[in-house]
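Below: one structure, written as structure tokens.
Values in this text are rule-based calculations from the coordinates and carry no lab data. Source: prediction; values computed, not measured. No Cβ is skipped: glycine too gets one built from the backbone with ideal geometry, and neighbour counts run over all protein chains shown.
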Amino acid sequence: MSTELDYRTQEQQVDFTQRMHPVPGAAEPEQELLTLNVGPHHPATHGVLRLLVTLEGEIVRDLKPVIGYVHTGIEKTAEDKSYWKVIPVIERMDYLAYFFNAMAYIGAVETLLELEVPKRAQYLRVIHMELNRIMSHLVWLGTSMLDLGAVTVWWYCFREREKILDLFEYSTGQRMHTRYFQVGGVADDIPRGWEQKLREFLADMPSRIDQYMDLVNRNEIVLRRLKGTCPLDEQTLLELGVTGPLLRAAGNPWDLRKAQPYSSYEDFDFKIPVGQRGDNWDRYAVRMEEMRQSLRIIEQALDGLPEGPHITDNRKVALPPRHELATSMEALIHHFKLVTEGFRVPPGEVYYPVEGPRGEYGCFVRSDGSSKPARVHMRDPSFVNLQATAPMVKDSYIADMIATLAMLDPVLGGVDR
Amino acid sequence: MPDAPGVELLAQELREAHPDAVVATEHFRGKGAIQVKPERIVEVLRFLRDKGYRALMSVHGLDYYPEEPRLGVHYELLDRERVDRLTVKLRVSTDDPRVPSVTPDWPTANFQEREIYDMFGVVFDGHPDLRRILMPEDYEGHPQRRDFPVGGEPVLFTYNEDRGTGYTR
């Protein structure tokens, strides 16, 4: 007897009457849970993020983020490099907030060294960080609207992002990962003509933000997908350690630029936008207003840009000017010492937080007295904020989960480091 | 930031509430730190939360190699009302790296304790889901320990792919 016949006889013996009487106590078919793997290469994730989603129909009942796909061991690499050579690798953690990564790390090293940074360098840092914040928010706006199915916004956002990157290239030599911030100041003064370019950008940008808002603010689909979806209250966010626009959208005006000013932020007049309901729409609106406030800060910093050196004159940590190498033996020795061994840092442990586009970037540096850090750790806001995904999207539609993930704005390079 | 006497006063109150908890105090670069015994960390953080340090901003591990006890865990506390930061530190040895988990009290510590477990091998008792987080689940060793070599990871390149799975040797 062939196996085919075998199968046919088996099929005829199936008793269909049993199917009509469900097992008592068993789950109804529509109550069955489905585990769905979203990612790691889903286009709607900002990076390589995998979400294990437990679905009941279209409703998300549970969600577990699985991360580590772009873990590159930057913290380990940093332990093997002298202090000033750590800056380029640490900038690559959260690749949309390189100036903030650098600022947190350099701030920690400067605290260990008890180094005074010239006022002009502090202002230049503020200008570049705020430009970086706008750039990061533009990428967020473009990609999140892409997640919601709107391609147009992306092109408009990246038009202005290119302008910011051109400004970075002009002043620092690189579009991304600029290595512009140095221990003790910034690598170089701004070039001639840069201020003019920046002023043109500052004059243009408010109308450009209006353009984005014209595209988005009255769009029926955007409004329905963002307004009132996936809110999370302030208390839960605080317990989860969430910082940045997500926390401010829930009504808590915590911003380190105001609360614990660093790098001369106390000199500038700006407002902190807060939301009321903490839903996806508030998360969107808070970031849009933050871009306008950043423009205000840049304008004030540019108007009040003090004269003076752009880097500390402490030759033990900062390279001497190029022209001195030809005439001064001491400068040559300092230069040689810095590029070979690097500078030594007094032993100690410092945690230095700064307010980035996604929240608190806190860099922990432990020095053992040598010229290499004994431990570098970045408290990355994307990593901590990712824990809030599950409570946000619980019991909401899977489509809202995609929108929430977009409004959460995690950068996986920062999450995995 | 509490000044040096402020940290001492806080540590004194802590000693009165939990007599054997405090090991040492420190005031470095304008910031206070209290070193505590690892087994008392949950009580200490609860006590400090009642003192106003309601936010746990960061939990991170570090390796003090070659000092003993080698491993350390730091808890960065923040008081948003007074804008005041405080570090709570503890040290455990590599032979018995067990620390009570603070995740039930502070949900934010969940991922961060998992990262410390992953990178340093510190076991957090009472953690709801203590698994590796950044490294693969079947990974052996704790790469952030200082005696773990950089570049110790075998990588499959074209020159060694013909060796099959033996490329690791």
Original post:
Quick one: in the range A:371-399, which of the residues that are at the interface with another protein chain (Cβ under 10 Å from one of its Cβ atoms) and among the basic types (Lys, Arg) is farthest from the chain's Cα centre (by Cα)?
Top reply: A:ARG375
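Can we say B:PHE148 is at negative phi, among the aromatic types (Phe, Trp, Tyr), within 12 Å of another protein chain (Cβ to nearest Cβ) and assigned to a loop (DSSP other than H, G, I, E, B)? Write out each step before concluding.
Values: at negative phi: yes; among the aromatic types (Phe, Trp, Tyr): yes; within 12 Å of another protein chain (Cβ to nearest Cβ): yes; assigned to a loop (DSSP other than H, G, I, E, B): yes.
Against the criterion (at negative phi, among the aromatic types (Phe, Trp, Tyr), within 12 Å of another protein chain (Cβ to nearest Cβ) and assigned to a loop (DSSP other than H, G, I, E, B)), B:PHE148 qualifies.
Consider A:ARG287 carefully, then state whether it is away from chain B (no Cβ under 14 Å), within 20 Å of A:PRO381 (Cα to Cα) and either touching a helix residue (DSSP H, G or I) at 6+ places or on another chain (Cβ under 6 Å) or surrounded by fewer than 22 Cβ atoms within 10 Å (Cβ to Cβ) (or both). Before you say what the answer is, go through the steps one by one.
Numbers: away from chain B (no Cβ under 14 Å): yes; within 20 Å of A:PRO381 (Cα to Cα): yes; either touching a helix residue (DSSP H, G or I) at 6+ places or on another chain (Cβ under 6 Å) or surrounded by fewer than 22 Cβ atoms within 10 Å (Cβ to Cβ) (or both): yes.
So A:ARG287 fits the description; yes.
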Subject >> Members of the range A:359-379 that are surrounded by 24 or more Cβ atoms within 10 Å (Cβ to Cβ) and over 20 Å from A:GLY73 (Cβ atoms) >> reply: A:GLY359, A:GLU360
Original post:
If you go through the range A:232-249 one residue at a time, how many are within 10 Å of another protein chain (Cβ to nearest Cβ), touching a residue at least 24 places away in the same chain (Cβ under 8 Å) and not aliphatic (A, V, I, L, M)?
Top reply: 3
Subject >> Those residues of the range A:170-199 which are in contact with a Lys or Arg (Cβ under 9 Å, 6 or more places away or on another chain) and without any contact (Cβ under 8 Å) to a residue 24 or more places away in the chain, in sequence order >> reply: A:GLY173
Original post:
Within the range B:103-127, can you find the residues that are in contact with a helix residue (DSSP H, G or I) (Cβ under 9 Å, 6 or more places away or on another chain) and more than 12 Å from chain A (Cβ to nearest Cβ)?
Top reply: B:VAL122, B:VAL123, B:PHE124, B:GLY126, B:HIS127
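Against the definition (polar (S, T, N, Q) and more than 11 Å from chain A (Cβ to nearest Cβ)), how does B:THR94 come out, yes or no?
Working: polar (S, T, N, Q): yes; more than 11 Å from chain A (Cβ to nearest Cβ): yes.
Yes.
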Subject >> Every residue from the range A:76-133 that is within 14 Å of chain B (Cβ to nearest Cβ), in a loop (DSSP other than H, G, I, E, B) and surrounded by fewer than 24 Cβ atoms within 10 Å (Cβ to Cβ) >> reply: A:GLU79, A:ASP80, A:LYS81, A:GLU114, A:LEU115, A:GLU116
**OP:** Considering only residues that are farther than 25 Å from A:GLU79 by Cα and either crowded, with 19+ Cβ neighbours inside 10 Å or under 32 Å from the mean Cα position of the chain (by Cα) (or both), look in the range A:314-358 and name the one that is nearest to the other protein chains (Cβ to nearest Cβ).
**Re:** A:ARG358
Original post:
For the range A:138-191, which residues satisfy the criterion of being assigned to a loop (DSSP other than H, G, I, E, B) and not hydrophobic (A, V, I, L, M, F, W, C)?
Top reply: A:GLY149, A:GLY173, A:GLN174, A:ARG175, A:HIS177, A:THR178, A:ARG179, A:TYR180, A:GLY184, A:ASP188, A:ASP189, A:PRO191
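Just checking, does the range A:250-269 include any residue being closer than 30 Å to A:VAL117 by Cα, more than 14 Å from every other protein chain (Cβ to nearest Cβ) and surrounded by fewer than 17 Cβ atoms within 10 Å (Cβ to Cβ)? I'd like the intermediate steps shown before the answer.
Initial filter on the range A:250-269 (closer than 30 Å to A:VAL117 by Cα): A:253-269.
Of the ones still in play, those that are also more than 14 Å from every other protein chain (Cβ to nearest Cβ) are A:263-264, A:267-269.
In the following step, the residues that additionally are surrounded by fewer than 17 Cβ atoms within 10 Å (Cβ to Cβ) were identified as A:267, A:269.
Looking through the range A:250-269, at least one residue is closer than 30 Å to A:VAL117 by Cα, more than 14 Å from every other protein chain (Cβ to nearest Cβ) and surrounded by fewer than 17 Cβ atoms within 10 Å (Cβ to Cβ).
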